[in-house]
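Participant: Below is the structure I would like to discuss, written out as C-alpha cells.
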Amino acid sequence: METITEWINNNYTWVFSGAGIFVLGGIIALFKRKVSSGITQKQRSGNNSTNIQAGGNVEFTQKNDK
C-alpha cells in the first residue's frame with residue numbers, strides 16, 4: 001500500500017485543485033466537529049416554572065402601556 005506522501009506526489013494536481021481542497025476541508029471540518037463538540041446544555045425545572053435556555057444572550061424587556 002502506498003504511503004500518504006507517495007499518494008500526494010502521484011495525485012498532487014487533483015489534491016491541490018479546487019475539488020481536492022473542498023474535499024480535504026470537508027473531512028477536516030467533520031473531524032473538528034466531532035472532536036470539539038463538548039458543549040452541552042442541561043436544564044432542570046420545577047412545577048409551574050418558566051424556563052428559557054439559549055446559547056447566547058437573552059434580553060427581557062417590559063412593555064409599559066399607560
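The values are calculated or read from the model by the stated rules, or taken from the named source; none is laboratory data. The model shown is predicted, which means the values in this text are computed figures rather than measured ones. Please note: Cβ atoms are built from the backbone with ideal geometry, for glycine as well, and neighbour counts cover all protein chains shown.
Participant: Kindly evaluate THR13 against the criterion of being at pLDDT 85 or above and β-branched (Val, Ile, Thr).
Facilitator: no
Participant: Scan region 6-35 residue by residue and report those that are within 12 Å of the chain's Cα centre (by Cα) and charged (D, E, K, R).
Facilitator: Matches in region 6-35: LYS32, ARG33, LYS34.
Participant: Another question, if that's okay. How many residues are at pLDDT 80 or above and surrounded by 10 or more Cβ atoms within 10 Å (Cβ to Cβ) if we restrict to region 30-43?
Facilitator: Total satisfying the criteria: 2.
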